[in-house]
Amino acid sequence: MTPNAYAVVGLTAIVAALVAVLTFAVLRIVAAAHDTRPSLRASGGGDTALLTAALQDAVSKLKAQERAMSARAQASERLSGEIIASLTAGLLVVELGGDVRIINPAGRRLLGLGEEGPFEDYRQLPPPAAPLATVIDECLRTRRPIVRRALELTGSTASHLGVTVSPLFDEDGRLHGAICLFTDLTAVIDLEEQLRLKDSLARVGELTAGIAHEFRNGLATIHGYSRLIDLDALSPAPRKYVEGIRAETDALGQVVTNFLNFAKPTQLTVTPVDLKMIAERVADESRADAEARGGDIVVSGMFGPVDGDDVLLRQAFSNLMRNAIDACAAAGVTPQVSVEAEVDRAQRVCRISVNDNGPGIEPAARDRIFRPFFTTKAAGTGLGLALVLKIIVTHNGRVTVGTSPLGGASLQVTLPLSDA
């Protein structure tokens, strides 16, 4: 063989070896691809399942968060409602046009609106509460808050209110309404009035007690000298004068004694007191006087327990009933006296009204009837109602005068209920 033939054979062997190596490599690649196809398929299915589970878990968490947020919103709204309903102060939220957005139960009670019923515009407040609407109008007009203004209402549940009104602005600074908070100051005003009365009574007592003592000493001297005169030794004319001196000094001495008793500081013996028993007992004692004039005394209503001095309270109600009988008798009217009581659990007081069918008390005289020595009776001392006022004020109560349903006068006593 020639060298060229050897070269061709060698080259052919090299090419065959390369082809064999390439063929083996391709076969290995194909086999590897065939082996990895099932694992690729399994791997792809697992990723899909994992992705689906993750999406479902995310959706579940979002729904749980939504439910939690909704529950928190409901709880917050419920708490806001409970807070508004539980406020002892009145809450009124109004829009710029006058529409009422919120009014709580305490606000309805203080304004005399009742527990339910339509109330859509604050300008529709009943006449007794009209001053509150005026204050809200002022706040909306001036765009300025009104802080701690005292209002006096007539004919409402609360006779005095402390009011704070603040304007409501949105995030752009535009006025869109007002919020009004108001509290009942009646008890505070009454307490101030009681303290003022107690101070006035104490000053009057201190100022006049000494004068009354000296006056009584002078009367005693005059009365004593008149007693030394022998009436039998006098002629009829001088005898009549001496008897007149004795009678007048006796009467003036009783007036001075009554006034000293009025001016004397009251010492209470406080015990639990049954007001109904006191009223019925005093009525029994005074009924004979009313029946003698063809009339009667009736006790009715619900009485509450109070802490007080039984003797002094009986004296106060006795003065009121006898004053009612005397007023009717002086006007020539058959006396019909009613004692009516009611218990106000919200204010924790008992109100007792002594009503008669007499001529009543003129409005101009109502502010003066409790002053010492003021009387409309021909033979009155003017200390009966003054003593009533002193006794009731000493018991931390109050006395007011009005018109009776029977057409005469109505003396209304308010006393705080006992804590028991």
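Quick one: length gained pulling Asp367 to Glu291 fully straight, 0.36 nm per residue minus the C-alpha distance? Could the numbers behind the result be given before it?
Values: separation 76, 0.36 × 76 = 27.36 nm, distance 3.11 nm.
Extra length from Asp367 to Glu291 when fully extended: 24.2 nm.
Quickly work out the Leu79-to-Arg348 label distance, labels modelled 7 Å from Cα along the C-beta direction, and quote it in nm with one decimal.
For the pair Arg348/Leu79, the computed spacing is 2.9 nm.
Please work out the C-alpha center-to-center distance from segment 292-307 to segment 345-366 and express it in whole Å.
14 Å
For segment 124-252, what number results from the quotient of the Cα radius of gyration and 2.2 N^0.38 Å?
Values: Rg = 32.0 Å, N = 129, 2.2 N^0.38 = 13.9 Å.
My calculation over the Cα atoms of segment 124-252 gives 2.29.
Any idea how far apart Asp57 and Glu115 come out in nm if each label point goes 7 Å out from Cα toward Cβ?
Result: 5.4 nm between the two label points.
For the residue pair Glu243 and Asp137, what label-to-label distance in nm results when each label sits 7 Å from Cα along the Cα-to-beta-carbon direction?
7.2 nm
Specify the inter-centroid distance of segment 57-130 and segment 162-201, based on alpha-carbon positions, in whole Å.
After rounding, the separation between the Cα centres reads 21 Å.
Give me the 1.4 Å probe accessible area per residue for segment 63-183, excluding ligands and nucleic acids, in Å².
61 Å²
Based on the Cα gyration tensor of segment 251-330, what are the three equivalent ellipsoid semi-axes, each the root of five times an eigenvalue, rounded to whole Å and given largest first?
Details: eigenvalues 109, 99, 12 Å².
Semi-axes (√(5λ), whole Å): 23, 22, 8.
Provide, for q = 0.30 Å⁻¹, the log10 of I(q)/I(0) from a solvent-free Debye sum over equal Cα point scatterers in segment 72-118.
Each listed q corresponds, in turn, to -1.07.
Keeping every protein chain present and rolling a 1.4 Å probe, give me the accessible area per residue for segment 311-420 in Å². Mind dumping the intermediate values first?
On the way: 4840 Å² over 110 residues.
Accessible area per residue, segment 311-420: 44 Å².
With the radius of gyration and the Kirkwood radius both derived from the Cα set of segment 120-185, what is their ratio Rg to Rh?
Values: Rg = 12.4 Å, Rh = 12.4 Å.
Over the Cα atoms of segment 120-185, Rg/Rh equals 1.00.
Using the Cα gyration tensor of segment 90-163, with a ≥ b ≥ c the square roots of its eigenvalues, what is the shape: rounded (a/c below 1.5), prolate (a/b larger than b/c) or oblate (neither)?
Oblate, since a/c reaches 1.5 and b/c is not below a/b.
The values are calculated or read from the model by the stated rules, or taken from the named source; none is laboratory data. The shown structure was predicted, so the numbers you read here are calculated from the model rather than taken from an experiment. For neighbour counting, all protein chains shown are included, and Cβ atoms are generated from backbone atoms with ideal geometry for every residue, glycine included. For accessibility, only protein heavy atoms count, side chains too; no ligands or nucleic acids. Shrake-Rupley method; radii C 1.70, N 1.55, O 1.52, S 1.80 Å.
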